[in-house]
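Structure first, commentary second.
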Amino acid sequence: MSSGKTAFVTGGSRGIGRAVVRRLAAEGYAVGIDYLQAKDQAGALETELRAQGARALAVQADVSDRDAVTAAIRTVEEAFGPIDLLVNNAGIAEQHQFQDITDEFWRRLFAVNVDGAFHTIQAVLPHMIHVKAGSIVNISSIWGQRGASCEAAYSTTKAALIGLTRSLAMELAPSGIRVNCVAPGVIRTDMVAVLGEETLADLARETPVGRLGSPEDVACAVSFLAGDAASFITGQVLTADGGFIL
């Protein structure tokens, strides 16, 4: 059954983003699937969801480019109506020792991981403020809560998203808009696959529940924060990490 609502998910073609898109579509949202380079995967996801009777549309936009983001969101709105739920999932990461981080790398991480959220939120806010309703869920990381060796740049951007979440939650609450954050732990995605199976096995052993997380685990957390069951929850960081940073 259609919820009559529209969601926009950045980085929606793969990993956590894809699981979030599938979850929201199953709940009746019309979903805009933002992607950067994975055109085939985004298109396949759109086709899959449409075959199931869902409303889905893949749109290309580098979230660091404000004009591209605005155009992508307008395309989705023209197809399905104004955005009711924004999920800021797009992000990039690489491991470097701090002294080896270049200006270019530092700025690119902030452009995608932080500026991307800045651009998308500003694009959807006018309507949300007008109707005094809306939900924004930012995807941070446990490394934004605790920090991680050789991931100073990534951790800093994810900590910034937590600060953005809490500040915006206070600012937008009088307008009926909730802003929350999910901080995933070690999730089996392409981003962590580069660590190798031996390292991933070690990380699973370090996780109290005894396994790595799945993209679907994070999608469940996003779904909860986005939905009516969380109508009294704003400005919060829901850590989905199997107890990793306890």
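Could you tell me which numbered condition residue 121 fails, if it satisfies all but one of (1) closer than 18 Å to residue 222 by Cα; (2) touching a helix residue (DSSP H, G or I) at 6+ places or on another chain (Cβ under 6 Å); (3) assigned to a helix (DSSP H, G or I)?
(2)
For segment 8-62, how many residues meet the condition of being under 20 Å from residue 127 (Cβ atoms) and charged (D, E, K, R)?
2
Exactly one condition in (1) under 30 Å from residue 99 (Cβ atoms); (2) modelled with pLDDT of 95 or more is false for residue 203; which is it?
Only one criterion is unmet by residue 203, namely (2).
Looking at (1) among the charged types (D, E, K, R); (2) open to solvent by less than 60 Å² (accessible area, probe 1.4 Å); (3) within 22 Å of residue 41 (Cβ to Cβ), can you tell me which one residue 65 breaks?
Every listed condition holds for residue 65 apart from (2).
For segment 124-154, which residues satisfy the criterion of being assigned to a helix (DSSP H, G or I) and at positive phi?
none
Which residue pairs have Cβ atoms closer than 7 Å, lie 6 or more positions apart in sequence or on different chains, and pair a first residue in segment 219-246 that is more than 21 Å from residue 10 (Cβ to Cβ) and in contact (Cβ under 8 Å) with a residue 12 or more places away in the chain with a second residue that is surrounded by fewer than 16 Cβ atoms within 10 Å (Cβ to Cβ) and not β-branched (Val, Ile, Thr)?
Within 7 Å, the pairs are 242/208; 242/211; 243/208; 244/206; 245/146; 246/208.
If I filter segment 163-190 down to residues being under 14 Å from the mean Cα position of the chain (by Cα) and assigned to a strand (DSSP E or B), which single residue comes out as surrounded by the fewest Cβ atoms within 10 Å (Cβ to Cβ)?
187
Please work out which residue is least open to solvent (accessible area, probe 1.4 Å), limiting yourself to segment 199-246 and to residues that are in a helix (DSSP H, G or I), over 15 Å from residue 179 (Cβ atoms) and among the β-branched types (Val, Ile, Thr).
Among residues in segment 199-246 that are in a helix (DSSP H, G or I), over 15 Å from residue 179 (Cβ atoms) and among the β-branched types (Val, Ile, Thr), the one least open to solvent (accessible area, probe 1.4 Å) is 218.
Pick from segment 34-76 the residues that are basic (Lys, Arg) and assigned to a helix (DSSP H, G or I): which of them is farthest from residue 11 (Cα to Cα)?
Looking at the filtered set, the residue picked out is 50.
Given the structure, is residue 108 closer than 29 Å to residue 28 by Cα and among the basic types (Lys, Arg)?
Here the answer is no, as residue 108 does not meet what is asked.
Report the residue count in segment 189-199 for those that are touching a residue at least 12 places away in the same chain (Cβ under 8 Å) and over 16 Å from residue 151 (Cβ atoms).
Final tally of qualifying residues: 1.
The values are calculated or read from the model by the stated rules, or taken from the named source; none is laboratory data. Note that the structure is predicted; figures quoted are calculated from it, not measured. Here Cβ is always computed from backbone atoms with ideal geometry, including for glycine, and neighbour counts include all displayed protein chains. Heads up: the accessible areas ignore ligands, DNA and RNA and are worked out on the full protein's heavy atoms, side chains in. Shrake-Rupley method; radii C 1.70, N 1.55, O 1.52, S 1.80 Å.
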